[in-house]
Amino acid sequence: MLTQKMKRRIKTTLGAEKPTVWIGKEGVTAQSISEIAKQLDAREIIKVKILKTALQEEAKIIAAQVAEQTESELVDVRGHTFLLFKRKKKQ
């Protein structure tokens, strides 16, 4: 579980970064979910952008679905961009 302090830190560090994954006109596909999961395992925190052509639903709904499918936490949704966090597994 993320605290407010951790969320604020994540928002400030990734605020100026460019998105690492884009969700295209096909919407959320199995390929995009697997790519997001792979990047979360490598980085812990990623930024995802939803293209305007993929917005059949609100960005918050799409972000919540992606977070649920990747077993990650939704940090923030701003416009068409959202941040996901997944704690790395200890080895």
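Listed values, structure above:
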{"quantity": "Cβ-based net charge around R78, under 11 Å, with every Lys or Arg adding one and every Asp or Glu removing one", "calculated": "+3"}
{"quantity": "The chain, accessible area per residue, ligands and nucleic acids excluded (1.4 Å, Å²)", "calculated": "69 Å²"}
{"quantity": "The chain, dipole about Cα centre (Lys/Arg Cβ +1, Asp/Glu Cβ -1), debye to the nearest 20", "calculated": "540 debye"}
{"quantity": "Cβ-defined net charge surrounding V21, 15 Å radius [Lys, Arg +1; Asp, Glu -1]", "calculated": "+2"}
{"quantity": "Fraction in percent of alpha-carbon pairs per bin - 10 Å, the chain", "calculated": "17, 55, 25, 3, 0"}
{"quantity": "Gained length - A16 relative to T53, 0.36 nm times residue gap less alpha-carbon distance", "calculated": "11.0 nm"}
{"quantity": "Charge dipole of the chain about the Cα centre (unit charges at C-beta), most positive-ward option of Q39, G79, T12", "calculated": "T12"}
{"quantity": "Rel. contact order, % - alpha carbon contacts under 8 angstrom, at least six apart, the chain", "calculated": "31 percent"}
{"quantity": "Anchor K47: aspartates and glutamates whose Cα lies under 13 Å away (excluding residues fewer than 8 positions away in-chain)", "calculated": "E17, E35, E73, D76"}
{"quantity": "Extension reserve of the I61-E26 stretch, reckoned as 0.36 nm per residue once the Cα distance is removed", "calculated": "11.0 nm"}
{"quantity": "Within a Gaussian network of the chain (alpha carbon springs, distance under 10 Å), most fluctuating of Q39, Q31, Q65", "calculated": "Q31"}
{"quantity": "Label-reachable residues, segment 53-91, where backbone N falls under 15 Å from a point 7 Å from R9's Cα toward its Cβ", "calculated": "85-88"}
{"quantity": "For the chain, built as a Gaussian network whose Cα springs stay under 10 Å, the top-fluctuating residue of T13, T29, T81", "calculated": "T13"}
{"quantity": "Inverse mean reciprocal Cα-Cα distance (Kirkwood Rh) of segment 48-91, Å", "calculated": "11.0 Å"}
{"quantity": "Cross-link table K49/K86; K52/K88; K52/K86; K49/K89; K25/K88; K60/K88, entries beyond 21 Å C-alpha to C-alpha", "calculated": "K52/K88; K52/K86; K49/K89; K25/K88; K60/K88"}
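The values are calculated or read from the model by the stated rules, or taken from the named source; none is laboratory data. Predicted model only: the values in this text are computed from it and were never measured. Heads up, the Cβs are rebuilt from the backbone with ideal geometry, glycines too, and the neighbour counts pull from every protein chain shown. The protein model used for the area step is the full one, side chains on, heavy atoms only, and it has no ligands, DNA or RNA in it. Shrake-Rupley method; radii C 1.70, N 1.55, O 1.52, S 1.80 Å.
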